[in-house]
Amino acid sequence: MYKDILYYNDIIDEIKSYDSKTAIYQIKQLYPDGNYKIKTVVVNLTQKNIKEIYDLYLKLQPKNLRNCIFTDDNKLISSSTISFNKSENTKDLPCNTNWEDKQKYDKIEAKLYEFILPVYKLKFPDEFIQK
């Protein structure tokens, strides 16, 4: 389970999520009209892919599987979580506070995106065209 939430003025602006049980990667974005638009793609991670991500986690051992970014006045603007336990409430996970742990988490997240992005690019190629 993966979820990356971006906030703007305390409102959810964008959610990127992946659920390995359903194989759905989804991006939900808030548009100026106040409605959310959703893009969905099926990404079938193999057991080998999941094992690679989990093995990287075991190797790096970040303190937490949640990275957060706060403004100077301590408002949450970004929260990214990964969970290998479907029943875990990731909303309650503590944020990494140590820079080294944040970097370890980023490497695990990047590994997940190595598998997601090629499939996403096939369905939404226009998002990756240089303008």
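Rule-based calculations on the coordinates, nothing more; no lab input. It should be emphasised that the depicted structure is a prediction, and the values quoted were computed from it without experimental measurement. Here the Cβ is made from the backbone with ideal geometry for all residues, glycine too, and neighbour counts use every protein chain on show.
Using each residue's phi in segment 56-65, evaluate 6.51 cos²θ - 1.76 cosθ + 1.60 at θ = phi - 60° and report the 3J(HN,Hα) Karplus result to the nearest Hz, with x for Gly and Pro.
Per-residue couplings from phi come out as 5, 4, 5, 5, 7, 6, x, 4, 9, 9 Hz.
Between D33 and I77, what is 0.36 nm times their sequence separation minus the Cα-Cα distance? Round to one decimal in nm.
Contour length minus Cα-Cα distance gives 13.7 nm.
If amide hydrogens are placed 1.01 Å from N in the peptide plane, which non-local residues have theirs closer than 5 Å to the one on I24?
Under 5 Å from the amide H of I24: D19, V43.
DSSP loop chymotrypsin sites (Phe, Trp or Tyr not before Pro) in segment 28-107 with at most 16 other Cβ atoms within 10 Å of their Cβ, which ones?
Those satisfying the criteria are F84.
D126 versus K91, label points 7 Å from Cα toward the beta carbon: distance in nm?
Here the modelled spin labels are 3.4 nm apart.
Under the definition of Cα pairs under 8 Å and six or more residues apart, what whole-number percent is the relative contact order of the chain?
With pairs under 8 Å counted, the relative contact order is 23 percent.
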